[in-house]
Each structure stands twice: as C-alpha cells, then as structure tokens.
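This report refers to the structure that appears directly beneath it.
The values are calculated or read from the model by the stated rules, or taken from the named source; none is laboratory data. This is a predicted model, so every value here is computed, not measured. FYI the Cβ positions are ideal-geometry reconstructions off the backbone, even for glycines, and counts take in every protein chain you see.
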C-alpha cells in the first residue's frame, strides 16, 4: 500500500505544560495509511515551549520549525482567551505559510491542528477514511466557565448552530429546538456537513491547489480567520464536514490538564 503524504502543521504560542500534551498526541498518531511530516510555526515567547519543539524535532528529524521574528503577547486565563484583531491575522499568515509549503512539496493532505488539543491516535486515519476535501475532527469547549460545552463547528454565519432559511423568522422556542437538535447530532458518531469549522482540520491537495486560504476577505466583517477560510472554501465549491467518531480534547484552560487521563482512558474504549 502506498501511503498518503501528510503534513501536520501548527502555529505554536503555547503554555509548556499544554504544548507537551499536544506533542505527545502527535507522536501517538497512527500512521497506517499516512506518512507524516511535521511543521511548526514557533511563535512562543516562553523559551521552554520553544525547547519542547526542538526536542520533538530531534526525535523526528523530518520536522520543520520556523521561528516567527515578530512576537506578540497573547493572553489567556481560567476565564477565556483574549484575541486582538492583529493576532488573528498574524495566525492567518502563519497558517497560509503552511498551506504554501504543503502545495510546494506536493503533499496529499495538510492537517492543521491547534497546539492546545490532545487527539485520539486514530484521528488522522479516520479523517482520511471519510474521503472529504475539507473535514475537521470535533472537539467541545466551555467557552466561559459554568456554561455548557459547545463544538468548534457551526451551521452558518458567525457561529449560528442551527439552520435558518433566508427571511425565516423563528420563535425563541424553535431556535432553541433546532440548536439542541444540532448539538445532539454532534454527539452521535458520524460524518456531517457543516457551514464552518476550524482548529483540527484536514485539507486535501485538491482543495489546497484550488486556492483555499486564511487570508482576510476585505468585504466581510465576520471575526476570525477560520470564518474567512470557510467562506472562501464554499465559494470555491468545497463542502465542509465534521467527523465526530473520535472527538479531540481541548485544553482551553490550564485546569483542563487534569482531564487528559480520563479522556485517554475513554478513547481506548472507543477502539475496542
């Protein structure tokens, strides 16, 4: 069997403890039908995090590390993450650099994964098995403390989690019914079409060569580079999908580190 050539890429500005768990999950990734190379855009201000990347490179010589010379502080705490507009487009440029590398060296897939995720070892194999040009693995996050977990995929617009037809006026009751119907569907293992996605996304060579990009669309006011990526992809004719078989674990807060052991134990059961 000829293995597919896959580039796993990540822009990295990360707490060392969180980054270490992310790197472990990359090393545990199954490579049954994939041959994996790694590319990190080192945007760390913490030297320990940069050292972790170089240690990873020593164990995996096929790894490329590009140090970003324009470092900016990025703040997160136990409440939420604080993104400034200039940081969003900085990350977009880093992701586009990885897209350029994947196209230049003719990779079959680019798998973009945020550095605060722990992924199931079968994640990449499952995404490739789905046979889609753009598909993300789902993960769940309490965006603010004491709120319910929400997915990183959505149905339409900025972050609308239910379908509404043009001109349709919904009661609050109907909007909530559709919302919880979508959330319930996302808990059932399967592959589903969505309107937006990000953070843990497999992109095919066909989509890369067609011109998908995280660059800003100037006449669009939606916040976040992932929205611009998804809208551009849809305009190019690509449908977007989410795979819910093996959800990733999001270390959104440092306190989430305590849940990794439980996540991994549950993931082992999924393979039985």
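Values computed for the structure shown
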| quantity | calculated |
| --- | --- |
| Residue 149 without any contact (Cβ under 8 Å) to a residue 12 or more places away in the chain and under 30 Å from residue 30 (Cβ atoms) | yes |
| Within segment 1-12, tally of residues that are outside any strand (DSSP E or B) and modelled with pLDDT of 95 or more | 1 |
| Segment 93-152, residues that are within 20 Å of residue 191 (Cα to Cα), in a loop (DSSP other than H, G, I, E, B) and in contact with a helix residue (DSSP H, G or I) (Cβ under 6 Å, 6 or more places away or on another chain) | 119, 120, 133 |
| Search result, residues across segment 157-180 that are on the phi > 0 side of the Ramachandran plot and exposed (fewer than 12 other Cβ atoms within 10 Å of the Cβ) | 167 |
| Members of segment 87-124 that are at positive phi and either touching a strand residue (DSSP E or B) at 6+ places or on another chain (Cβ under 6 Å) or surrounded by 22 or more Cβ atoms within 10 Å (Cβ to Cβ) (or both) | none |
| Some residue of segment 61-72 being more than 17 Å from the chain's Cα centre (by Cα), modelled with pLDDT of 95 or more and exposed (fewer than 14 other Cβ atoms within 10 Å of the Cβ) | yes |
| Residues satisfying the stated conditions in segment 237-272, i.e. modelled with pLDDT of 95 or more, more than 19 Å from the chain's Cα centre (by Cα) and either assigned to a loop (DSSP other than H, G, I, E, B) or closer than 16 Å to residue 113 by Cβ (or both) | 237 |
| Matching residues in segment 25-70 - criterion: being closer than 23 Å to residue 106 by Cβ, touching a helix residue (DSSP H, G or I) at 6+ places or on another chain (Cβ under 9 Å) and assigned to a helix (DSSP H, G or I) | 26 |
| Residues of segment 34-56 satisfying the condition of being touching a strand residue (DSSP E or B) at 6+ places or on another chain (Cβ under 6 Å) and over 27 Å from residue 89 (Cβ atoms) | 34, 35, 36 |
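Conditions tested, residue by residue: (1) crowded, with 21+ Cβ neighbours inside 10 Å; (2) modelled with pLDDT under 95; (3) under 14 Å from the mean Cα position of the chain (by Cα); (4) part of a strand (DSSP E or B).
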{"site": "182", "(1), (2), (3), (4)": "no, no, no, no"}
{"site": "187", "(1), (2), (3), (4)": "no, no, no, no"}
{"site": "193", "(1), (2), (3), (4)": "no, no, no, yes"}
{"site": "201", "(1), (2), (3), (4)": "yes, no, yes, yes"}
{"site": "209", "(1), (2), (3), (4)": "no, no, no, no"}
{"site": "212", "(1), (2), (3), (4)": "yes, no, no, no"}
{"site": "220", "(1), (2), (3), (4)": "no, yes, no, no"}
{"site": "223", "(1), (2), (3), (4)": "no, yes, no, no"}
{"site": "226", "(1), (2), (3), (4)": "yes, no, yes, no"}
